[in-house]
Amino acid sequence: MLKIRSLLFAILLPLIAFAVAQQPLTVSAANDNDRALCLPGGDDLSGMDCLNAGPSARLAELAAQGITFPAPQLFAARTPYELSIVPYSYAKVDNEEVPLYATVEDILNNNPTGKLYKSQIKYVALQDRVDTDKGRYYQIATTEWISEELVTRAGLPNFQGYVFKQNPQVSFGWVINETYGRSAPDYTAPETGTQYWRENRIIIYESTMVNDIEWVKVGPDEWIEHRYIARVIPNYTRPEGVPVDKWIEVNLYEQTLSAYEDGNLVFATMISSGTPPFYTKPGVFQIYKKLDFDPMWGTFELDRSDYYYLEEVPYIMYYDDLRALHGAYWQTLLGYQRSHGCVNLSVADSHWLYDWANEGDYVYVWDPSGETPTDPSVYGSGGF
């Protein structure tokens, strides 16, 4: 009897399975508790019998804000460190008026033959040194000698911009002053606990104005006030007045510089442009002279209160009278207006740009905020 039952079961089981397979499969979705969660990362959940909640819902919410996981990548590399190496050691000179000596004999005879005027911006390039009964002296770029007691060695700023291998799909930038993120674009919103340090690179997903303050979103529920960042907004459209597909863009509002070629962003970095009233003049210009190293000095005030003296300024490209793109070994706060009208870059960045650009290349300077005067008649050869 047992054998007969086993035989009948073996015959009927395939028949039952076949019959079940012919019936439409129905799943009751009357209760969400009976449904499985959708897998995170699905592009289209329509028609899927799963519950869009938890991680999947959060990712969908962020995707609607333009935030994806993994985060958008910048296919770029910092400018090579070797580009920051220069054949000089620089030193800051005492703010007071200081004597210079033409020869070592003049030092020994206490016979100054020149001087550097009182100023807070005086830097020299050290080329040699000598120890005398009067102390140690350095020979500077003019071949004159200055006392060691009147100079302080200056380290080069180490900031480096980015050379791009592929066009970025988002805006990005750098933090220019330490700050904390907020959970919403308002100072009444709680801090997130994330601290942003100067020169941190950030991705920017959106911006908004709240109570006349511009905020930028840098991550999920993570906002920073715009004044704490220098932002690059890629724009691959050739500016009006630029007839070729290679140009340099200087954004005075953001304090950033971008270089474009053949419809691609090839380089971007932070700068320091002219501080009021020595504005950097907006307009379209062409590079007319390149110099590896050259001194810069001058004053705009009758009392020489703004006098500056800078030896062996590196990688200079003049484009608008005496205004130039150049390296600034004395400049440690890129991202802020701090020059007398030139566009200051780090040494490494200025070196990269100098090698990439040619005389005749176009420089497009603009201020999207409209705060910089645009009337050319109010500008002199190198200042306001």
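The phi-based Karplus calculation (6.51 cos²θ - 1.76 cosθ + 1.60; θ = phi - 60°) puts the 3J(HN,Hα) values of segment 189-195 at 6, x, 5, 7, x, 8, 9 Hz, whole numbers, x for Gly and Pro.
Compared with the direct C-alpha span, the chain from Lys118 to Ser89 gains 8.3 nm at full extension, assuming 0.36 nm per residue. Once the C-beta distance of Val378 and Gln73 is scaled by a Förster radius of 45 Å, the resulting FRET efficiency is 0.55 to the nearest 0.05.
A simple rule links phi to the HN-Hα coupling: the Karplus curve 6.51 cos²θ - 1.76 cosθ + 1.60 with θ = phi - 60°, which for segment 230-243 gives 10, 10, 10, 10, x, 9, 8, 7, 4, x, 4, x, 9, x Hz, with x for Gly and Pro. Provide the FRET efficiency to the nearest 0.05 for the Tyr236-Cys50 pair, computing r from the beta carbons and using R0 = 51 Å. Here the calculated transfer efficiency is 0.80. Couplings 3J(HN,Hα) of segment 352-358, computed from phi: 4, 5, 4, 6, 7, 8, 10 Hz, in residue order, whole Hz [Karplus 6.51 cos²θ - 1.76 cosθ + 1.60, θ = phi - 60°; x for Gly and Pro]. Take every Cα pair under 8 Å whose residues are at least 6 apart in sequence, average their separation, divide by the length of segment 169-232, and the relative contact order is 40 percent. Ordered by the count of other Cβ atoms within 10 Å of each Cβ, fewest first, Met296, Met317 give Met296, Met317. Counted by neighbouring Cβ atoms within 10 Å, the residues Ser84, Ser171 run from fewest to most as Ser171, Ser84. If the segment from Gln195 to Asn264 were pulled out straight at 0.36 nm per residue, it would be longer than the present Cα-Cα gap by 21.6 nm.
Counting every other Cβ atom within 10 Å of each residue's Cβ, Thr237, Thr256, Thr374 order from fewest to most as Thr237, Thr374, Thr256. Applying a threshold of 21 Å to the alpha-carbon distances of Lys165/Lys290; Lys118/Lys281; Lys92/Lys118; Lys122/Lys289 flags Lys165/Lys290; Lys118/Lys281; Lys122/Lys289 as lying beyond it.
Restricting the trypsin sites (Lys or Arg not before Pro) of segment 214-318 to loop positions (DSSP other than H, G, I, E, B) with no more than 16 neighbouring Cβ atoms within 10 Å leaves Arg304. Averaging the Cα positions of each part gives two centres, and for segment 190-239 and segment 153-172 these lie 17 Å apart.
Coordinate-derived values only; no laboratory data. Predicted model only: the values in this text are computed from it and were never measured. We place every Cβ from the backbone using ideal geometry, glycine too, and count neighbours over all the protein chains shown.
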